[in-house]
Amino acid sequence: MNDSKTKELIQKSVLRTSDTFTKELMERIELKKRQAKALHSAIIRECTLNCVTDKSRN
Amino acid sequence: MKKTNKNSQSDLELVKQIREGDMLAFRNLVEKYKDVSFSLACSVLKDEEEAEDALQDAFMKVLNNINKFRFDASFATWLYRIVVNTCLKVKEKNKKHLYDDLSEVLNIPSDDISSLDKYSEKERSGYINATFKLMKPEEALLLRLYYLCELSISDIKEVTDFTETNIKVMLYRGRKNMYHLLNKLTGNEINDLI
């Protein structure tokens, strides 16, 4: 089998991801973003609360 | 010797758009590269479900590190390196023996298969992919990087960290093993397949 035939065979045999691959990936990214946002908000809330508590103590 | 894969204009455009937060551009990039990348992932992991999970992780890394991509480099090579490294990490984590020993392959009964007179495109694909599944991961990976992704030896070196000599030797062995396995799987009727 020559080189061009090998190339043709391999190129024609490319594997396909599942139909939902891209959709699932985009949903995963969206979820990560939401989680990061929620974590950020929680940290800000916590810091603000600590700051207010410290001020009231002083 | 093959030419180094250059970035297509659309790749660079997509990367620029992704850097500006355009998720549709990222989606288009995923659509463009997912199947070839999936084939590479399957070469390493030999399990389609595992390969798909690893590929999702790899694309997330691409998105998270898109600002680190240098425009003078080939995007495809950069992406394939991330895909291969992610799969190697998954493989290391699972610590499985992910490919069959070639000696086992030699015992595959081929009676049923050899009775086929003609091979449809789908069957042909099936035989090639079955062959790749039986091959050593590094040989299957190199054959796909070279013939499917059409990377040059120096690009493959960048993706895999193998030396150029090793790549050439493994490509030679890989081709030889591929023909040998195809011959076995088709009951010595490889000529009907090609």
* Asked: Within the stretch B:50-97, how many residues turn out to be part of a helix (DSSP H, G or I) and either aliphatic (A, V, I, L, M) or within 12 Å of chain A (Cβ to nearest Cβ) (or both)?
  -> 22
* **Pair list, Cβ under 9 Å, 6 or more apart: the stretch A:31-53 residue without any contact (Cβ under 8 Å) to a residue 24 or more places away in the chain, other residue not charged (D, E, K, R)** => A:K32/B:M60
* Asked: Are there any pairs with C-beta distances below 7 angstrom linking a residue in the stretch B:126-141 that is basic (K, R) to a residue that is not in a helix (DSSP H, G or I), with the two at least 6 apart or on different chains, and if so which?
  -> B:K133/B:K46; B:K136/B:Y99
* Out of the residues in the stretch B:42-71 that are free of Cβ contacts under 8 Å to residues at least 40 places away in the same chain and of a type in the set (S, T, N, Q), which is surrounded by the most Cβ atoms within 10 Å (Cβ to Cβ)? -> B:Q56
* To do: Take B:S103 and decide whether it is of a type in the set (S, T, Y), out of contact with any Lys or Arg (no Cβ under 8 Å at 6 or more places or on another chain) and at pLDDT 95 or above.
  => no
* Filter result (more than 7 Å from chain A (Cβ to nearest Cβ), buried (at least 22 other Cβ atoms within 10 Å of the Cβ) and among the small types (G, A, S)) within the stretch B:17-41 -> B:S37, B:A41
* Structure fact -> Here the residues within the stretch B:170-188 that are more than 18 Å from the chain's Cα centre (by Cα) and surrounded by fewer than 18 Cβ atoms within 10 Å (Cβ to Cβ) are B:H180, B:N183, B:G187, B:N188
* Structure fact -> Counted residues in the stretch B:85-98 being out of contact with any Asp or Glu (no Cβ under 8 Å at 6 or more places or on another chain) and surrounded by fewer than 22 Cβ atoms within 10 Å (Cβ to Cβ) come to 9
* Asked: How about the stretch B:26-62: which of its residues are farther than 14 Å from A:L25 by Cα and either among the hydrophobic types (A, V, I, L, M, F, W, C) or touching a Gly at 6+ places or on another chain (Cβ under 9 Å) (or both)?
  -> B:V36, B:L40, B:A41, B:C42, B:V44, B:L45
* Structure fact -> Checked B:L182, B:L148, B:L171 against criteria (at pLDDT 90 or above, in contact with a Ser or Thr (Cβ under 8 Å, 6 or more places away or on another chain) and within 12 Å of another protein chain (Cβ to nearest Cβ)); the one match is B:L148
* Asked: Out of all the residues in the stretch A:20-28, is one or more within 14 Å of chain B (Cβ to nearest Cβ) and over 13 Å from the mean Cα position of the chain (by Cα)?
  -> yes
* Asked: Is at least one residue of the stretch B:151-158 closer than 15 Å to B:V36 by Cα and either modelled with pLDDT of 95 or more or in a loop (DSSP other than H, G, I, E, B) (or both)?
  -> yes
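The values are calculated or read from the model by the stated rules, or taken from the named source; none is laboratory data. These numbers were taken from a predicted model, which means no experiment stands behind them. Quick reminder, even Gly has a Cβ in these numbers, built from the backbone with ideal geometry, and neighbours come from all protein chains shown.
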